[in-house]
Amino acid sequence: MFDQIIEKIKQYDSIVIFGHLNPDGDCYGSQVGLRELILSLYPNKKVYITGTGCPRFFKLLPSMDEVSDEVIKNSLGIIVDGNDLGRMEDKRVFNCLDYAKIDHHIDTGSFKEGPQVVDTSANSACDIITRMAIEKNVKLSVIGATALYLGILTDSARFQFVNNYPETFERAKYLANSGAQIHELNKLLAQTDENSLAAKGYIFSHYKKTDGGIIYIIYTKKLLKKLKLSANSASSMINLLGNIEGYPIWCSFAEYEDGKVRVELRSNGPAIQPCAVRIGGGGHAQASGAQLPELDYKVIDNVLKDLDDTLTKWRKEQ
Ligand SMILES: [Mn+2]
C-alpha cells in the first residue's frame, strides 16, 4: 500500500509537506508526524512543513517552517488530509517538482500528479500515516507519536467516529508505546477561555431550524465581531449543534472578512457529502465543507432546501 509513496520519497533529498486550508489537528498532526516518520527512515533528508498549522499545540509540538520559494521549486511536495493541490493552504504547492498524497477524504479523482494512498475508511490521515509507520517498522519519535495521536484524537472526536475500533486502537497503542504525550494533549484540547464560553452561550440560544428540521446558524461578519470569533473558530464549533434529538443534520455558514462564506455540514443520519459537492465542496459522507463566494441568503436557502430534501428522503427510507 505504501511502497509507491516510499519509492517517491527515496528519490528526493528535499521534501515539503503541505496541509489543507483552515488546518485542523489531523492536517497539522499529519504534517509533523509524516516528517518524523520520513526522518527516522532517512535522517539525511531535509523535510519541511508549511502553512499555519495549529498554534494552540505549539507548546507541545513544533511550529511551522519558513520555506523559501527556491526550496519548494526543488522539492517533492506531499499533500496530506486533502483531495488535491487546490485544497492546500500554501498555494506555492503548484511549484513543486513532483508530488505524492496521503488522504482519507472521498476521492474525487482530482489528484493526478503522483502516487497516492487514499483510505476513506480511516478515521484520519494520521491513522493512515501511523499504519505506514507500523508497516515500515519505524521507530517513531515522541514528537511524531504525539502529532499522529493528535490527528486520530481530533478527527474521531476523541474516538467517537471510528469505523474499525480494533485497528484504530492498535494504532493508538503503537503511538502510546512510542511515547505519545496523551495527558498533555488532552489538557490542551480541554482548555477553553471565557470568550468561547460566552460565544457558546449565544450559539446554544440562537440557532435556527428549517421547517424540514435542519439545525443551522449563520455567522455574519457583524455577529462574529460581537462574539469576538473568527469565521474559522466559529466554524470549528459546528458540533455544538450536533446530536440534538430528532435533528440529524446541522450546519453553519460563517462570513470571512473578505466576504467569502465557510460552510460546514454535519449529519448523524443521511450522507450530506453530495450536498457539499453540489456547492463546490466535499469531504466525508457525514462531515463536509464548502466555500461560497459571498453571503447570499438565496444561495443559503437553496443549501438548506437541499439538506431538507435529503433528510425527507432519508426519513422515508427508514
Ligand atoms: Mn482529516
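The values are calculated or read from the model by the stated rules, or taken from the named source; none is laboratory data. Please read these numbers as outputs of a predicted model, since none were measured by experiment. With ideal geometry, Cβ positions are generated from the backbone for all residues, glycine too; neighbour counts draw on all protein chains shown.
The table below lists the values:
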| read-out | value |
| --- | --- |
| Number of the condition not met by residue 215 [criteria: (1) free of Cβ contacts under 8 Å to residues at least 40 places away in the same chain; (2) out of contact with any Cys (no Cβ under 8 Å at 6 or more places or on another chain); (3) surrounded by 12 or more Cβ atoms within 10 Å (Cβ to Cβ); (4) of a type in the set (A, V, I, L, M, F, W, C)] | (2) |
| Residue 117 being within 16 Å of the ligand (Cβ to nearest atom), over 14 Å from the mean Cα position of the chain (by Cα) and assigned by TED's automatic domain parsing to the domain that holds residue 138 | yes |
| Neighbours by Cβ (under 7 Å, 6+ apart or cross-chain): first from region 21-37, among the acidic types (Asp, Glu); second within 12 Å of the ligand (Cβ to nearest atom) and part of a loop (DSSP other than H, G, I, E, B) | 26/81; 26/124 |
| Helices (runs of 4 or more DSSP H) lying entirely in region 166-270 (those with 2 or more residues that are basic (Lys, Arg) and not assigned by TED's automatic domain parsing to the domain that holds residue 155) | 221-227 |
| Residue selected from region 47-88 under the condition out of contact with any strand residue (DSSP E or B) (no Cβ under 6 Å at 6 or more places or on another chain) and among the charged types (D, E, K, R), by the criterion farthest from the ligand (Cβ to nearest atom) | 70 |
| Matching residues in region 188-210 - criterion: being at pLDDT below 95 and among the charged types (D, E, K, R) | 193, 194 |
| Filter pass, residue 21 being modelled with pLDDT under 95 and either within 14 Å of residue 75 (Cβ to Cβ) or of a type outside the set (Asp, Glu) (or both) | yes |
| Counted residues, region 139-165 - those being in a loop (DSSP other than H, G, I, E, B), more than 17 Å from residue 81 (Cα to Cα) and under 21 Å from the mean Cα position of the chain (by Cα) | 5 |
| Hits in region 282-296 - residues which are farther than 23 Å from residue 163 by Cα and free of Cβ contacts under 8 Å to residues at least 60 places away in the same chain | 290, 291, 292, 293, 294, 296 |
| Residues of region 166-185 satisfying the condition of being under 18 Å from the mean Cα position of the chain (by Cα) and more than 13 Å from residue 61 (Cβ to Cβ) | 168 |
| Filtered residues of region 99-118 (kept if part of a loop (DSSP other than H, G, I, E, B) and within 23 Å of residue 271 (Cβ to Cβ)) | 104, 105, 106, 107, 108, 109, 110, 111 |
| Test: residue in region 55-68 that is within 30 Å of residue 190 (Cβ to Cβ), out of contact with any helix residue (DSSP H, G or I) (no Cβ under 8 Å at 6 or more places or on another chain), in the same structural domain as residue 130 (by TED's automatic domain parsing) and surrounded by fewer than 16 Cβ atoms within 10 Å (Cβ to Cβ) | yes |
| Residues located in region 120-150, provided they are within 14 Å of the ligand (Cβ to nearest atom) and of a type in the set (D, E, K, R) | 127 |
